[in-house]
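Structure, as structure tokens:
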Amino acid sequence: MANQWFKFKKFMIRQDRCAMKVGTDSVILGSWVRIGEARTALDIGTGTGLLALMLAQRSYLLQVDALEIDAQAASQAAKNVKESAFSDRVNVIRGDFRDFSIQTDKRYDLIISNPPYFQRSIAPSDLPRMVARHAQKLGAAEILEKSGELLRPEGQLCMVMPFEQVEVVVSGALASGLYPARLLEIHATQGSGPKRSCVLFSLQKPVHPVTERLVIEEGGRHRYSDEYVQLTKDFYLDF
């Protein structure tokens, strides 16, 4: 059973009412994305609010909208935000991204998401977890299409996904006018194949797209690589 809470260096995540708990994918994504001079960000499917809070911690200039369709998760994200030092810069919104993308007139410098995927896996019996993890409710194609409309001209979209789906997602992004600018291949251990990828898309075609590689563990269980420690050290208590 997952912990009911997760303590980071500068905020606490309570997760007893959220289907999707704190996971390595989101921590890597929130640590890896480049924020630069961004002033506005949107977190699609915020869940516990983890990614929104990570972004707010990384840049005091950033105002973050954290969108969540599930009522229980949205309520818990709002509580996590309220109890943090970043409550004045993170706004939790309960709603469907498809509706939000039509109704809002805001444009963002950065959009981030750990989206539903696992289209080919068996849906778990727990409905909230199914909604959170599966593309029955919101797929990558919709995120790509609507994000392209919500980004400012210099804006960027950053997502994490299974490695085997990168090619399909990149093709969908190109059809939506988004170009892959950076890609991170995530390996659980040295010598293993990539399991996940973080991909940063831009409305501007990059001159030289960059591919990077990250190994999480080296030399045994919980023996983390120097690169992983350096990437996530501002968040994990043990680093």
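With K and R counted +1 and D and E -1, the other residues having a Cβ less than 10 Å from that of A77 yield a net charge of +2. Look at where the Cα atoms of region 148-224 and of region 72-98 average out, and the two centres are 26 Å apart. Given axes a ≥ b ≥ c from the Cα gyration tensor, I'd like to know whether region 11-123 is rounded (a/c under 1.5), prolate (a/b larger than b/c) or oblate. Rounded, because the longest to shortest axis ratio a/c is under 1.5.
Any read-out appearing in this document is the output of simple, stated calculations on the displayed coordinates, not a laboratory observation. Everything numeric here is computed off the predicted structure, so don't read it as measured data. Using ideal geometry, Cβ is built from the backbone for each residue, glycine included, and neighbour counts are taken over all protein chains shown.
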